[in-house]
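Worksheet: the structure to be examined is printed underneath.
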Amino acid sequence: MTGLPETLGIRPGARLAVVEPPPGLAEALAPLPEQVALLPLTEPALDVILFFTKDAKHLVSRMPALVRSMALAGRLWVVWRPEATPALDEVLVRQVGLEVGLVDDRRADVLPEWTGLRLRWRSRPRVERPSPRA
């Protein structure tokens, strides 16, 4: 069975921020991989951000600060309680992400009552090289 850090993509040496965590998260994440740095959201180039939100308005208002702190290869987990916030769902989280250039690539149960959607920067299309002239 994989642990929560592995499920969330928290690797050794990762720069991690946890924003507004619910009770029990620290225990669920223990033990963290070696040399993981737990940093405030004000730090730049974070590898993994876990953002726990209670409603859509909260998500929309915090999204600019969240994306400013993400590394280019970073991942943002938006985590919410589906039964406690019926107006907040995958569709809304996905739409808010798309508006700032993020796409979702994974869904997971983070804690017993909390669901998360992982967002990352949208890949840029590859530029085709011109074919060599014969």
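We did not get these values from a lab; they are worked out from the coordinates using the rules stated. None of the values given here were measured: they were computed from a predicted structure. Cβ atoms come from the backbone with ideal geometry, glycine included; neighbour counts cover every protein chain shown.
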Margin query: Could you compute the net charge surrounding ARG15? Neighbours are other residues with a C-beta less than 11 Å from the C-beta of ARG15; K and R count +1, D and E count -1.
Written below: -1
Margin query: When a/c reaches 1.5 or more, the comparison of a/b and b/c decides; with that in mind, is the stretch 1-78 rounded, prolate or oblate per its Cα gyration tensor?
Written below: oblate
Notebook entry, point to check: Distance from the Cα centre of the stretch 97-112 to that of the stretch 42-69, in angstrom?
Noted result: 12
Check: Taking Cα atoms, how many degrees apart are the long axis of helix 56-69 and the longest axis of the chain, rounded to 10 and kept between 0 and 90?
Finding: 50
Note to self: How charged is the neighbourhood of LEU119? Take every other residue with its Cβ under 15 Å from the Cβ of LEU119, and add Lys/Arg as +1 and Asp/Glu as -1.
What the structure shows: +3
Check: Which one, (1) 7.2; (2) 10.8; (3) 7.8, gives mean projected area of the Cα convex hull in nm² as derived from the coordinates shown?
Finding: (2)
Next item on the list: On a 0 to 90° scale, report how tilted helix 90-99 is relative to the longest principal axis of the chain, with both axes built from alpha carbons and the result rounded to the nearest 10.
Entry: 50
Check: Modelled label-to-label distance, LYS54 and GLU83, 7 Å Cα→beta-carbon offset: nm?
Finding: 1.9
Notebook entry, point to check: Among 45-56, 94-105, how do they line up from the highest to the lowest mean number of other beta-carbon atoms within 10 Å?
Noted result: 45-56, 94-105
